[in-house]
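The values are calculated or read from the model by the stated rules, or taken from the named source; none is laboratory data. These figures come from a predicted structure and were not determined experimentally. Positions of Cβ are generated from backbone atoms using ideal geometry, with glycine treated the same way; all protein chains shown enter the neighbour counts. Protein only, heavy atoms only, side chains kept; ligands, DNA and RNA dropped before computing areas. Shrake-Rupley method; radii C 1.70, N 1.55, O 1.52, S 1.80 Å.
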Amino acid sequence: METQLDPTKDDLPLMANTSYMLAKHYILDLDVDFKSKVIEGIIVLFFEPGSRYRKTRCTGKEGQSQFDETCKMTASEPCHIPVTNVSACSSKMEYIDFAVCGKGEEDTSDKNSNHNNEEQASGISSSKACSDIENHGNKDFLLVLDCCDLCVLKVEEVDVAAVSGIEKFTRSAKLTDASKELENLRNQIVHELVTLPADRWKEQLYYFTRCSQAPGCGELLFSTGTWSLEIRKSGIQTPTDFPHAIRIWYKTKPEGRSVTWTTDQSGRPCVYTIGSPINNRALFPCQEPPVALSTWQASVRTAAGFVVLMSGENSAEPVQLREGILSWYYYVTMPMPASTFTIAVGCWQEVKQQSCTAAIQTNIESPVTSSQADFRWHEEICGHVEYPCRFQNAAARLQAVIPYRVFAPWCLAERCEECLLQLIPKCLSAAYITLGTHPFSRLDVLIVPSNFSSLGMASPHIIFLSQSVLPGGSHLCGTRLCHEIAHAWFGLAIGARDWTEEWISEGFATFLEDIFWARAQQQLSHDEVKGQQELKALLRWHRLRDEVQNSEEELQVLRPKKESTGELSESGASVVKHGLKAEKIFMQVHYLKGYFLLRSLAKTVGEASYLASLRKFVHKFHGQLVLSQDFLCMLLEDMPEQKE
């Protein structure tokens with residue numbers, strides 16, 4: 001089901017058919033091998049039928065025709081036969097973690113060849129399997145995941161019904177022991193598990209882990225294309241009947257574009273997600289479209305001496321599995337796009353301040369309590385899907401400075417202690433004064449290797465900063481930190497429904513970095529703040545003018561898809577317009593045009609009223625995906641006199 005792309009346009013395809021099947025939870029169980037520069041392991045995905053199918057499944061056969069296009073497999077794509085000698089993981093439940101999987105054979109196959117050696121193939125011949133797909137492909141449902149630069153070894157259905165104690169999730173299902181009913185029972189268990197109420201999140205993660213370790217109950221046929229992994233089960237024709245829990249064995253490739261293998265500034269090996277235009281599809285098979293909001297758990301094993309940092313809610317502590325091997329476990333309970341998943345493995349050193357930390361936090365928290373009256377929207381019911389939301393947590397609503405840590409290569413640790421550590425609580429407090437409750441419970445800041453192509457990158461619970469911000473004094477470091485902190489609200493807690501509207505993330509962060517930084521510099525007068533902001537506006541104007549004069553006009557548009565922004569195909573697949581355009585990575589037009597739009601609105605309505613509207617917007621739309629008009633419509637509702 002490959003979308004034919006115009007190579008001159010460099011659009012990024014989002015292939016996953018999310019309208020039919022929607023991933024709700026991922027469990028990753030991975031080994032990081034620096035010798036081969038490969039991340040290898042297993043991912044288990046838990047699904048629910050997508051929105052389009054849920055709306056039509058009651059109509060019976062009428063809903064079948066919508067799958068015809070999705071279910072056709074391209075004859076030119078090779079059929080990958082599931083392997084039989086990839087052993088499953090057995091594990092212990094301590095720390096809700098996994099035991100070490102046996103390593104597969106080293107992948108010596110050619111880059112473009114099938115990923116399975118002949119000795120690994122099952123008894124079904126390749127020609128027979130391809131014939132089987134050809135005969136039944138016009139009616140079997142096909143699950144499509146976003147995937148590239150991966151060696152997929154095996155795909156199987158997971159027998160979640162075999163988990164001890166899982167009976168509590170089957171009481172509502174009136175089923176017999178027939179094989180068809182057993183399949184329905186497994187899917188019913190997954191449905192009950194993914195829909196557990198938010199206050200049972202610990203139990204939910206526990207049973208997700210147990211289910212991920214359950215035995216397989218049948219291998220699934222799969223095929224890989226340039227941008228996708230396609231999976232089917234013979235005879236299964238609808239998403240409702242398709243397995244809702246599947247396990248995939250795979251390896252990354254050293255040249256995979258989602259992560260970069262390099263050395264840090266101290267010369268030690270490391271690997272990290274670089275904010276690639278293709279996001280995480282070369283790290284694990286997933287559903288990339290923003291609508292596929294999901295939670296995840298991950299266990300990552302690596303050699304002792306390495307530290308694993310991830311975009312998880314918890315501050316993981318390593319567990320020694322055997323001599324020389326440590327395991328790190330992270331999780332998230334807030335559903336977010338798969339693109340927000342972040343990992344960095346290296347010999348990072350935690351930077352700790354020997355004194356004054358408590359004093360800094362005490363000094364900056366004192367003025368915050370007076371602003372609590374402004375946050376009157378807290379008591380309203382949240383508009384997002386159910387999860388343990390900090391906006392509904394009384395203690396979280398009063399937390400001006402969330403727990404934070406700083407990591408860096410050892411050669412930069414001293415500079416981080418001098419410059420970065422003292423700025424973080426000030427910037428966090430300034431953000432809290434401006435927007436209210438921090439959407440995420442903690443923050444790690446990592447100084448990434450010198451090959452990082454940006455000044456910073458924000459993910460849930462973790463920020464990557466370039467070493468370039470450290471020599472620039474507190475101003476450069478502080479403003480960049482404020483920009484990335486702003487993304488916790490705009491870009492992460494509130495995401496763009498269509499990735500081409502990146503100004504919703506970058507425009508807001510650029511505008512808010514000035515507000516945050518002004519409040520973090522408590523010693524500045526009003527005139528000094530205004531002078532500083534006017535100077536930055538002038539510099540941004542010159543940068544924007546230069547970009548507009550020296551770049552393609554179609555790359556300068558804030559909404560390149562115009563009236564079709566946010567629209568998806570029937571299957572849920574879409575493209576990110578110009579998403580693979582090489583020069584787009586270095587452009588700031590969406591940052592700057594968005595910034596000047598927001599700055600103009602703030603001047604028109606007054607900064608105090610404008611910031612109050614931003615706080616209202618945050619409380620109304622956190623945990624959700626938005627389009628430009630969602631913000632503009634809410635702003636005009638509050639200020640009807642500005643509609644003209």
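Of note:
- Exactly one residue among A493, A520, A537, A486 is open to solvent by less than 20 Å² (accessible area, probe 1.4 Å), over 30 Å from the mean Cα position of the chain (by Cα) and either at negative phi or not aromatic (F, W, Y) (or both), and that residue is A537.
- The sole residue among A488, A509 that is hydrophobic (A, V, I, L, M, F, W, C), modelled with pLDDT of 95 or more and closer than 29 Å to V307 by Cα is A488.
- Residue within region 191-210 that is within 12 Å of A245 (Cβ to Cβ), in contact (Cβ under 8 Å) with a residue 24 or more places away in the chain and among the polar types (S, T, N, Q) present: no
- Residue satisfying all of: in region 540-556; buried (at least 16 other Cβ atoms within 10 Å of the Cβ) and hydrophobic (A, V, I, L, M, F, W, C); modelled with the lowest pLDDT among these: L555
- With respect to the stated conditions, R376 fails to be under 27 Å from A608 (Cβ atoms), basic (K, R) and modelled with pLDDT of 95 or more.
- Every residue from region 282-303 that is of a type outside the set (V, I, T) and not in a strand (DSSP E or B): A282, L283, F284, P285, Q287, E288, P289, P290, A292, L293
- Residue list for region 300-335, restricted to those being surrounded by 15 or more Cβ atoms within 10 Å (Cβ to Cβ) and among the acidic types (D, E): E313
- Residue match in region 614-621 (condition: more than 25 Å from P337 (Cα to Cα), over 24 Å from the mean Cα position of the chain (by Cα) and buried (at least 16 other Cβ atoms within 10 Å of the Cβ)): no
- The single condition among (1) closer than 28 Å to F440 by Cβ; (2) part of a helix (DSSP H, G or I) that L625 does not satisfy is (2).
- Residue ID - nearest to P13 (Cα to Cα), chosen from residues in region 209-246 that are assigned to a strand (DSSP E or B) and not hydrophobic (A, V, I, L, M, F, W, C): S228
- Residues (modelled with pLDDT of 80 or more and not β-branched (V, I, T)) located in region 557-595: E570, S571, G572, A573, S574, Q588, H590, Y591, L592, K593, G594, Y595
- The numbered conditions (1) under 20 Å from the mean Cα position of the chain (by Cα); (2) closer than 20 Å to L45 by Cα are all true for W249 except (1).
- Residue in region 49-65 that is open to solvent by less than 30 Å² (accessible area, probe 1.4 Å), in a loop (DSSP other than H, G, I, E, B) and at pLDDT below 70 present: no
- From the options Q265, Q213, residue that is in contact with a Cys (Cβ under 9 Å, 6 or more places away or on another chain) and surrounded by fewer than 17 Cβ atoms within 10 Å (Cβ to Cβ): Q265
- Subset of region 1-47 that is acidic (D, E) and modelled with pLDDT of 95 or more - its residue that is surrounded by the most Cβ atoms within 10 Å (Cβ to Cβ): D29
- Every pair of residues 6+ apart whose Cβ atoms lie under 6 Å, when the first sits in region 282-307 and is within 14 Å of G41 (Cα to Cα) while the second is among the hydroxyl-bearing types (S, T, Y) and part of a loop (DSSP other than H, G, I, E, B): A282/S258; L283/S258
- The residues of region 22-53 that are of a type in the set (A, V, I, L, M, F, W, C) and touching a Pro at 6+ places or on another chain (Cβ under 7 Å), listed by number, are F34, V38, I43.
- Among (1) touching a helix residue (DSSP H, G or I) at 6+ places or on another chain (Cβ under 8 Å); (2) open to solvent by 10 Å² or more (accessible area, probe 1.4 Å); (3) modelled with pLDDT of 95 or more, the one test that N279 misses: (3)
- Neighbours by Cβ (under 8 Å, 6+ apart or cross-chain): first from region 309-327, over 14 Å from G346 (Cα atoms); second surrounded by fewer than 19 Cβ atoms within 10 Å (Cβ to Cβ) and among the aromatic types (F, W, Y): V319/Y95
- Whenever a residue of region 594-605 is under 18 Å from Q629 (Cβ atoms), its partners that are aliphatic (A, V, I, L, M), lying with C-beta atoms within less than 6 angstrom and at least six residues away or across chains, give the pairs V605/M639.
- Residues of region 523-534 that turn out to be modelled with pLDDT under 90, among the small types (G, A, S) and surrounded by 12 or more Cβ atoms within 10 Å (Cβ to Cβ), as a count: 0
- For region 342-353, the criterion of being surrounded by fewer than 21 Cβ atoms within 10 Å (Cβ to Cβ) and under 18 Å from V385 (Cβ atoms) is met by no residue.
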